[in-house]
1. Once you have the Cα-Cα distance between Asp277 and Arg74, take 0.36 nm times their residue separation minus that, and quote the gain in nm to one decimal.
2. Show the residues, 5+ positions off or on another chain, whose built amide H is closer than 5 Å to the amide H of Gly30.
3. Stokes-Einstein diffusion coefficient for segment 1-142 at 20 °C in a medium of 1.002 mPa s, Rh from the Kirkwood formula over Cα pairs: what value in µm²/s?
4. Within the set Lys134/Lys159; Lys131/Lys166; Lys69/Lys166; Lys46/Lys159; Lys69/Lys159; Lys64/Lys166, which residue pairs have Cα atoms separated by over 27 Å?
5. Points 7 angstrom from Cα along the Cβ direction at Arg103 and Tyr211: gap in nanometres?
6. Count the net charge of all other residues whose Cβ sits under 14 Å from the Cβ of Ala35, scoring Lys and Arg as +1 and Asp and Glu as -1.
Amino acid sequence: MSKVKPAPLPPDTQVGGYRIVRKLAAGGFGLVYLALDADGQQVAIKEYIPATLATRDPGQLSPKVAPEKLSLYRLGLKSFFEEGRALAQISHASVVSVLNFFRENETVYMVMNYLDGASLQDYVIISRDLKRPKILRESTIRSLFDEVLRGLRIVHQHKMLHLDIKPANIFITDDNRAVLIDFGAAREVLSKEGNFVRPMYTPGFASPEMYRRDSSMGPWTDMYAIGACIYACMHGYPPPDAPQRQEKDRLPTNMARLRGIYSDNLIEVVQWCMAMDAQNRPPSVFALQKELSRPGARSYTKLSVTERMRMQLDNMVADAVAPKASTVGGAPKR
């Protein structure tokens, strides 16, 4: 693994007819820049340069890849390029728009529309800090994920998966659109091929099959992540991760604490999506959309006094042994 992260391209660098303005973000699989096109319009450019496989010195353009990592680097590069080509065919308000993709400097660049706004993670953290019973209103959750699912449905129809749905990858624009960003195709390739054996996932949002190299992934994998995101919108924190749930599943207890705060139906939807057995999850995005929009589904069951006391004791024990995380889905674990 590279000890030094690849240096970003400096401001005013020209790539593919675009001028780099500044770095916006960095992840395990690449760097994202704010750039200007030939007409001076702002775009976001994602550069494939996985920190585990490549280095780059300040001021340089091309990555440096060790010979023993070159085949895996090229495999991920191919997947990244094909991801850009596939996304460029999708035109939907809830899926990030890929405007262009090209090879240069021995890597690949994906040009996307630049979005003004903030991630769902930012909104959840702000709402959580207000310490209200409801992190986000149920009506907000339902309408938000109806938009997200409309986009995800198109993605699945194009035989693609997202593979890294989490609050940090759901962007809320200033004109109130929910947009899926940062697809994980290259991440999937690098986690399952060659000698690169460490899994790529975001704890809490990754389904059980993402932890097992012998398991297949499909739409059901994204369904699990959708449920985990709704959980975060209700609790303010990520759900317990899949390995913890396999040892002792605290999800039913955690969801029961929300009875009387959120509807029974929404609680059941989260548990449906986050079933440990993929066969017990929603069979399709459409099935989940239908359930979220089902009229007359919002009945509330309040906890009894005995149940509340039991929950309080469980909370005290849980807080003593497992302090809560400060984010709601950040960088994938490697």
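1. Numbers: separation 203, 0.36 × 203 = 73.08 nm, distance 3.39 nm.
Contour length minus Cα-Cα distance gives 69.7 nm.
2. The list, which skips near neighbours in sequence, is Ile49, Ala51.
3. Numbers: Rh = 16.9 Å.
For the chosen part, D equals 127 µm²/s.
4. Values: Lys134/Lys159 36 Å; Lys131/Lys166 22 Å; Lys69/Lys166 29 Å; Lys46/Lys159 22 Å; Lys69/Lys159 29 Å; Lys64/Lys166 31 Å.
Exceeds cut-off: Lys134/Lys159; Lys69/Lys166; Lys69/Lys159; Lys64/Lys166.
5. 3.9 nm
6. Details: positive: Arg19, Arg22, Lys23, Lys46; negative: Asp12, Asp37, Asp39, Glu47, Glu104.
In short, -1.
Just so you know, all these numbers are worked out from the coordinates, no wet-lab data involved. Just so we're clear, the structure is a prediction, and the values are computed from it rather than from any experiment. Note that each Cβ is placed from the backbone with ideal geometry, even for glycine, and that neighbours are counted across all protein chains shown.
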